[in-house]
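Q: Here it is, the structure in full.
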2 protein chains.
Amino acid sequence: MNENLEILKRNGLSVTEGRKKILDLFLDNEGALAHADIEKYTDAAFDRVTVYRTLQTFVDKGIIHQIPTTDNSILYALCKHKCEAGHHHDDHVHFICNLCGKTICLDDVTVPAVKLPKGFKPAQAAMVVTGTCSDCK
Amino acid sequence: MNENLEILKRNGLSVTEGRKKILDLFLDNEGALAHADIEKYTDAAFDRVTVYRTLQTFVDKGIIHQIPTTDNSILYALCKHKCEAGHHHDDHVHFICNLCGKTICLDDVTVPAVKLPKGFKPAQAAMVVTGTCSDCK
DNA sequence: CAAAAACTTGCAACATTATTGCAAATATTG
DNA sequence: CAATATTTGCAATAATGTTGCAAGTTTTTG
Ligand SMILES: [Mn+2]
Ligand SMILES: [Mn+2]
Ligand SMILES: [Zn+2]
Ligand SMILES: [Zn+2]
């Protein structure tokens, strides 16, 4: 069975062209995608609003997760672990390559715990490393 | 001597009302500021474009640093270490409080090193922790 | 399988945020 | 203080994000 279909059904989502296509992009793409990438890769076949809503739906369901950036954009990538609606477990480090520009989920590199000052209670931690990726090295 | 003035001169920047005022905001404010905050705190006394350019200039000079977020905004905070033009050394963890919304530079908490897969060469690492801050606890 | 119900999409209108060129204003230099 | 260098605000333009709603599509029901 197509993996995209399987994922949509498992999450109780109606199966539509747009959702299948956008999910495929994530499944086929190793790196993370920004809203703009998706518009480009789908040749603007779907309305910009639909893309916004689809991404939001996927995040809500725990199908994709967001990666913070420092350039007024948000990157999205597949959740490979068992994320559920309302509860993500994406504790891995993200790597942004300065040369090729790709953002890669280092699924096997866990964000290390840090000791916070008194009174601070951590809930989630994100880590983004920049540098040169293994392809560009 | 006023600290803002001192910082501007040290970095070879012309001293203007806008720069002094915006720099003061950072000096007076413990937390990080977004572009929108600055417009609000200055009562829109300066054109939006001037604020963009001022923030960019400060980042370039190593006076402030950027903090990545997951909501299409960029936060800025003072560099407290010896950052130079073109070379930042802000290796500290950032904490975003889910209750009061403040973003705090944990200047004494260093981003831990992580072991990356073969071929990846790190240059910089950023870490953002969310949760409850010491004021809101 | 067809009808009803539930949900998703695209459009249009609108709002917010960001970028650029350029002339006027301001700051620095000597 | 005059000459020069730099910064600012404005206007125009672009890019990005949000909302309501009617039409279209998918799912459920009998
Ligand atoms: Mn990831
Ligand atoms: Mn900081
Ligand atoms: Zn690369
Ligand atoms: Zn707080």
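The values are calculated or read from the model by the stated rules, or taken from the named source; none is laboratory data. Keep in mind that this is a model prediction, so the values were computed, not measured. Cβ sites come from the backbone with ideal geometry, for glycine too, and all protein chains shown count toward neighbours. Heavy atoms of the whole protein, side chains included, go into the accessibility calculation; ligands, DNA and RNA do not. Shrake-Rupley method; radii C 1.70, N 1.55, O 1.52, S 1.80 Å.
Q: Mind checking the per residue accessible area of the stretch A:3-131 for me, 1.4 Å probe, whole number of Å²?
A: On a per-residue basis, 53 Å².
Q: Among the lysines in the stretch B:3-131, how many pairs, 8 or more places apart or on different chains, have alpha carbons under 28 Å apart?
A: 29
Q: How would you rank B:126-137, A:35-46, B:27-38, highest first, on the average number of other Cβ atoms within 10 Å across their residues?
A: B:126-137, B:27-38, A:35-46
Q: Would you kindly work out, in nm and rounded to one decimal, the distances from the label point of A:Glu17 to those of the same position in each other copy, ordered shortest first, with label points 7 Å along Cα-to-Cβ?
A: Result, one decimal in nm: 5.6.
Q: Moving on to the next point. Label-to-label distances across copies for B:His35, with labels 7 Å out along Cα→Cβ, in nm, shortest first?
A: Relative to the other copies, B:His35 has label-point distances of 1.4 nm.
Q: Moving on to the next point. Working from the alpha-carbon coordinates of chain B, get Rg over Rh, Rh being the Kirkwood radius.
A: That ratio is 0.99, to two decimals.
Q: Rounded to whole Å, give me the distance from the Cα center of the stretch A:36-57 to that of the stretch A:86-132.
A: Between the Cα centres of the stretch A:36-57 and the stretch A:86-132 lies a distance of 26 Å.
Q: Pick from B:Gly62, B:Gly101, B:Gly119 the residue whose mean-square fluctuation is largest in a GNM of chain B, springs joining Cα atoms under 10 Å.
A: Between B:Gly62, B:Gly101, B:Gly119, it is B:Gly119 that shows the largest mean-square fluctuation.
Q: Among rounded, prolate and oblate, which fits the protein assembly as shown when a ≥ b ≥ c are the square roots of the eigenvalues of its C-alpha gyration tensor, a/c under 1.5 means rounded, and a/b larger than b/c means prolate?
A: Since a/c reaches 1.5 and a/b is larger than b/c, the shape of the protein assembly as shown is classed as prolate.
Q: While we're looking at this one, here's another question. I need the inter-copy label distances for A:Lys121: point set 7 Å along Cα to C-beta, values in nm with one decimal, smallest first.
A: Output for A:Lys121: 4.4 nm, nearest copy listed first.
Q: Using only protein heavy atoms and a 1.4 Å probe, how much accessible area in total is buried between A and B, to the nearest 100 Å²?
A: Chains A and B together bury roughly 3000 Å² of accessible area.
Q: Given a 1.4 Å probe and every protein chain left where it sits, what share in percent of the accessible area of the protein assembly as shown is carbon and sulfur?
A: Carbon with sulfur: 47 percent of the solvent-accessible area.
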